[in-house]
Amino acid sequence: MTGIYALVHMAVDLSCAFLVYTYVLGGEQWYLWLLLYNFCAFALQMPIGAAADRLDRNSCVAVGGCAGVLAGLLLGIAGFPAGAAVVAGIGNACFHVGGGIDVLNHSERRAAPLGIFVAPGALGIFLGTMFGRAGTEAAVWIGGLLILSAVVIRAAAGREKLWLSSGNAPFSFSVPSSSVSSGRTLMAAACFLAAVILRSYSGMIQNFPWKETLAGSGFILAGAVVLGKMAGGVLADKWGIQRTAFRSMCAAAVGFLCLVYPAAGILAVFFWNMSMPLTLWAVSKVFPGAKGFGFGLLTFGLFVGFCPAWLGGSSVGGPVQSGIRFMAGNASSPVGMALMAVVSLLLLGWGLKQVAE
């Protein structure tokens, strides 16, 4: 199921990127619809995740997510960008939550399956944007891809006897009893959330001076994100999660300091993204009875990290926008990016110490 969910993850993110680029961006009030899409796709994963934890039919939720993205695509084709943004965003959230809980349930003590599940999304976004730039001709094929994805999930879940019951833990927000106090464990969850916000924000403002001149830089950077997320899970199982977090964030900080050189910048992106499966693994330890809620808590961080970049590029004007643009300019410098990696290291280091066995 992990491999199937990983491939469908790429298909869903490809479809959403295509929809947003083709039917949402550029139209009247598109900036508002973009914010609405990101809110539905990322912030709503928290309540949807809690509902999915209770429902205990994760593959059904994932299939419903594919159907939601397909409905959003049809609304976009019909000329309703606001409706397309909302419906596709909710569909995106449902797929990620449904697939995410199933992968968390079956990964047990391993982080590698989490990296495999989340990694293809970046490639899907790259490909979806590329297809969107080429026009609307791919819409029919993308619709067919979503239908195929839903059918494959349904068939695989039925074969694994997961369609009617996913085997979720009894729903509970309670923190597991351990030698560490529940208060410190919840603070650890807050650290993971902050680390995700930093990763999301940095991804929005990254400014590599060689990006426009290096052939294939977009594909190379997308590949670095994909491979980094996969490597983070695999190496966490090999080295230990705390050691992996320390090494990857230190390497990312050094790479960002030298980001004017293509090789250093690409490696920095690779190491920076290794933290994603680590935070997913860790938050599932904080909320073992509400893994979908924990998954959504971290994706809420993705939305929070998106907001400053959205405000900085909006047309509201005034001192707030000027301040955000000034902050982004400094944060996207080599020192600013390296500093974010160091702060992320401190957050992950303390948080993982509270939950890692």
Keeping to the range 184-201, report how many residues are small (Gly, Ala, Ser) and more than 13 Å from the chain's Cα centre (by Cα).
-> 4
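Considering only helices (runs of 4 or more DSSP H) fully contained in the range 64-137, which possess at least 1 residues that are touching a His at 6+ places or on another chain (Cβ under 6 Å) and under 29 Å from GLU28 (Cα atoms)?
Of the helices (runs of 4 or more DSSP H) lying wholly inside the range 64-137, those with at least 1 residues that are touching a His at 6+ places or on another chain (Cβ under 6 Å) and under 29 Å from GLU28 (Cα atoms) span 120-133.
Okay, residues lined up against (1) in contact with a strand residue (DSSP E or B) (Cβ under 9 Å, 6 or more places away or on another chain); (2) touching a residue at least 12 places away in the same chain (Cβ under 8 Å); (3) surrounded by fewer than 23 Cβ atoms within 10 Å (Cβ to Cβ); (4) hydroxyl-bearing (Ser, Thr, Tyr):
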position: ALA93; (1), (2), (3), (4): no, yes, no, no
position: ARG110; (1), (2), (3), (4): no, yes, yes, no
position: LEU114; (1), (2), (3), (4): no, yes, no, no
position: GLU137; (1), (2), (3), (4): no, no, yes, no
position: GLY158; (1), (2), (3), (4): no, no, yes, no
position: ASN168; (1), (2), (3), (4): no, yes, yes, no
position: PHE171; (1), (2), (3), (4): no, yes, yes, no
Quick one: would you say MET249 is crowded, with 24+ Cβ neighbours inside 10 Å, within 15 Å of the chain's Cα centre (by Cα) and either at pLDDT below 95 or not hydroxyl-bearing (Ser, Thr, Tyr) (or both)?
-> no
Examine the range 175-190 for a residue that is outside the structural domain of ASN38 (by TED's automatic domain parsing) and either within 30 Å of ALA84 (Cβ to Cβ) or touching a Cys at 6+ places or on another chain (Cβ under 6 Å) (or both), and state whether such a residue exists.
-> no
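In this structure, is GLY167 of a type outside the set (D, E, K, R) and either within 22 Å of the chain's Cα centre (by Cα) or within 23 Å of ALA50 (Cβ to Cβ) (or both)?
Values: of a type outside the set (D, E, K, R): yes; either within 22 Å of the chain's Cα centre (by Cα) or within 23 Å of ALA50 (Cβ to Cβ) (or both): yes.
Criteria met by GLY167.
So is GLN206 closer than 30 Å to TRP310 by Cα, of a type outside the set (A, V, I, L, M, F, W, C) and touching a residue at least 12 places away in the same chain (Cβ under 8 Å) or not? Full working, then the answer.
On the way: closer than 30 Å to TRP310 by Cα: yes; of a type outside the set (A, V, I, L, M, F, W, C): yes; touching a residue at least 12 places away in the same chain (Cβ under 8 Å): yes.
When the stated conditions are applied, GLN206 passes them.
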Only one residue in LYS238, LYS229 is within 28 Å of GLY294 (Cα to Cα), among the charged types (D, E, K, R) and under 18 Å from the mean Cα position of the chain (by Cα), so which one is that?
-> LYS229
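So which of VAL69, VAL86, VAL61 ends up being surrounded by fewer than 24 Cβ atoms within 10 Å (Cβ to Cβ) and modelled with pLDDT of 95 or more?
Values: VAL69 fails: surrounded by fewer than 24 Cβ atoms within 10 Å (Cβ to Cβ); VAL61 fails: surrounded by fewer than 24 Cβ atoms within 10 Å (Cβ to Cβ).
One residue alone meets the criteria, VAL86.
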Could we say that LYS285 is at pLDDT 95 or above, touching a helix residue (DSSP H, G or I) at 6+ places or on another chain (Cβ under 8 Å) and charged (D, E, K, R) here?
-> no
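Tell me the helices (runs of 4 or more DSSP H) entirely within the range 197-277 that contain at least 2 residues that are under 27 Å from TRP350 (Cβ atoms) and among the β-branched types (Val, Ile, Thr).
Numbers: elements: 217-239, 241-257, 262-272.
Filter on the range 197-277 gives 217-239, 241-257.
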Condition set farther than 18 Å from MET274 by Cα and aromatic (Phe, Trp, Tyr), scope the range 303-357, selection modelled with the lowest pLDDT: answer is PHE326
Mind checking whether some residue in the range 51-61 is without any contact (Cβ under 8 Å) to a residue 40 or more places away in the chain and among the charged types (D, E, K, R)?
-> no
Filter the range 217-257 for residues that are polar (S, T, N, Q) and touching a residue at least 40 places away in the same chain (Cβ under 8 Å) and give the result.
-> SER217, GLN242
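The values are calculated or read from the model by the stated rules, or taken from the named source; none is laboratory data. The shown structure was predicted, so the numbers you read here are calculated from the model rather than taken from an experiment. Backbone-built Cβ (ideal geometry, glycine too); neighbour counts: all protein chains shown.
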